[in-house]
1. Starting with the fewest neighbours, write out Glu146, Glu473 ranked by other beta-carbon atoms found within 10 Å of each beta-carbon.
2. Whole percent per 5 Å bin, from 0 to the bin with the longest distance: what is P(r) over all C-alpha pairs of region 587-732?
3. With axes computed from alpha carbons, what is the tilt in degrees of helix 649-664 against the longest principal axis of the chain, rounded to the nearest 10 within 0 to 90?
4. Would you mind checking the radius of gyration and Dmax of region 441-576 based on alpha-carbon positions, in Å?
5. Along the Cα-to-Cβ line of Lys763, 7 Å from the Cα, sits a label point; which residues in region 552-580 have backbone N less than 17 Å from it?
6. Roughly how big is the chain's charge dipole about its Cα centre, with Cβ charges of +1 (Lys, Arg) and -1 (Asp, Glu), in debye to the nearest 20?
7. Rounding to the nearest 20 debye, state how big the charge dipole of region 169-247 is about its Cα centre with +1 on each Lys and Arg Cβ and -1 on each Asp and Glu Cβ.
8. If one takes the longest principal axis of the Cα atoms in the chain, at what angle in degrees, from 0 to 90 and to the nearest 10, does the Cα axis of helix 421-430 lie?
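What follows is calculated from the coordinates using simple rules that are stated; it is not laboratory data. Being a predicted model, the structure only gives us computed values, none of them experimental. Heads up, the Cβs are rebuilt from the backbone with ideal geometry, glycines too, and the neighbour counts pull from every protein chain shown.
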Amino acid sequence: MTLASKEINMQNEQQRRAALVYHAKPRPGKTEVIPTKSYDTQRDLALAYSPGVAIPCLEIEKNKEDVYKYTNKGNLVAVISNGTAVLGLGDIGPEASKPVMEGKGLLFKIFADIDVFDIQIDAKDPNKFIEAVKAIAPTFGGINLEDIKSPEAFEIERRLKEELDIPVMHDDQHGTAIISAAALLNALELSDKKIEEVTIVVSGAGAAAISCTKLYKAFGAKGDNIVMLDSNGVIRRDRENLSPEKDEFATSRDLNTLDEAIKGADVFIGLSKSDIVSPKMLLKMAKNPIVFAMANPDPEIGYDIACKTRDDIIMATGRSDNPNQVNNVLGFPFIFRGALDVRATTINEAMKMAAVKALADLAKESVPEQVNLVYDQTRLSFGKEYIIPKPFDPRLITTVPPAVAKAAMDSGVASAPIEDWDRYKETLEGRLGNSQKMVRLLHDRAKSAPKRLVFAEADQMDVLKAAQIVEEEGIAHPILLGNKEVITDLRKEIDFTADVEIIDPKDYSHINQKKEYAKLFWKEQNRKGYTLYDVERLMGERNYFASMMIKNGDADAMISGYSRNYRSVVKPILETISKSKGVNKVAATNLMLTKSGPLFLSDTTMNVEPSAKELAKIAQMTANTASMFGLEPIMAMLSFSNFGSSRYPQAKKVSDAVSLLHRGSPELIVDGPIQSDFALNKDLLQKTFPFSSLSNKKVNVLIFPNLDSANITYKLMKELKEALSIGPILMGLSEPVHVLQLGASVDEIVNMSAVAVIDAQSKNK
């Protein structure tokens, strides 16, 4: 076995182990059922179950439609499989398919706030499968069929759609079809080609390929212009024993191979296997070819190879590391969201076509800065490398579901039509307040340009675990600082085998580096009472050493504070790292990921009793930090009073800070003094203080009048599980250096690592 193959095997084993631990710990599986009603008192329990539960039961008996009023049916989807065609694993059985179905349920929840029960049915016979699904259907508002082999999948979906009065969709068929159709419409527009005229070659004849091609025909593609291939070559009319699905796309043209079929073709659709399209084949295609190589994990032809072969190509794949990813998550959560919200009795062609058009049109609109930042783009705009929206685009939930819902209404399959569309969109926006989505945004943005990150306490197990995750996920390139012997032993314990730099500041081998840092430090600090000897001794301390690494350009960012008092960690940093231009005092903010969305709280760790001028500066720095995360800052300056109702010095200080901001930074949306309930309750604020610049806006930055109030608030929110906290995020330093809270968890360290990397990206480190 070669060294390279050994490394691959180790990586695979690490990934295997990480996947197993992820699914097993801290509790098995990826989902849980959480009560939505209070259950604290005897009265609550009496209403939840006996005798109170009998009342809605009787109401539903009188009117079956009231089940949507009194139960979770209207927001509950079943993800159902028999495990006969699971990913690329094949027929692995219903039990083995369950992790995939749980994962699908997770995606439904995080992207569209739809609850899911995953159900595995031990039945390969279509009739038995159909009967089982029909028997449990009253529980659900919709059914998502998943990973069922062809051709049985076609019959199962067709019959269930005919025999049930709730939305049914086989995502393997229609998900890829909907996303790729949106991409195709936009690609054709960019190529100045018409769908009625182009020739299309489809490699693959499974459920997805058949469904894709049918949908293209619905948008105008001509059957005579389509050539489909399966494992036996071109599907010709003279072939025997064709299934009805394949027979629809059989060609009378004298073609046998992909090489023959692709000659002169305008469009290639790949849903087959990797590396079957060569550069020579690509060169045979028509001018401005459109190639969707969607085989996973490896496409029919690599993205880079294809683009190097043809500079006029428009290329899409199923991979996230290439532009134009055809990703089903752009479709199914939002299609079901729209269908459920109008209680559609089916998902029909009109609804699928509406989703296609909504996705296609969204790609042509200006992209929010939040999305640009995640994908490390100066500005994403409609073009060859952006023909479909990105999965993390927050506009998806307010664009696709309304389009689907309206199509359901127009086509007569909506049981509960929407009347107030503005209110509906507000409701959809409210479903975006999922903390994990922001975490994914942070991680993905960090991964777009990972930096050299110093972990100053890498000889602590939790810190080392975080560094391992950061390295494996591609968030940063870790530099491990601490006792080398301890780090080496801990690395063996957790099987952290990656080739990363380890530095022990106390080790003699780094004496020259310490002396270099000492001279640089002393040059700047020699009038503060330090001798050169003092400084050389200080460089043996990890936080001084790490800070000097950043200052000297030997690393890009730094994380510390896990095992030491906050102030003791901050001191060497402030002595070493200069402040940003125009900053007199460093401050800190915590990003709180709440159910209603992200919320920045400042100043949470640094300034005990800031003056009005300092408060104004803290607000400006927090606004800059929020912008760094792609959010438009809407800021409330908090107090115990509202808009001058009190003349106490504490309230007046906040009033003065607001005045300073209005004069010095008129572009900022900021107001106060304001009480926290008015700041966070749009309706209350609009009713009581309609004159405020915060009226009818969603506040996402809270500036507290002092350290007591900010620190207490964020820690209460964190411990009461009202929000996930990321921070404290230091503001006002010229370098990306961040300090953890004492005893931070592994996840918190990983999240702060992503923040440090993003900070380094913004400072062009």
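1. In increasing order of surrounding Cβ atoms, one gets Glu473, Glu146.
2. All Cα pairs, binned at 5 Å, distribute as 2, 11, 21, 25, 23, 13, 4, 0 percent.
3. Its long axis makes an angle of about 60 degrees.
4. Rg and Dmax of region 441-576, Cα atoms, are 15.3, 47 Å.
5. 552-561, 569-580
6. 2200 debye
7. 120 debye
8. 60 degrees
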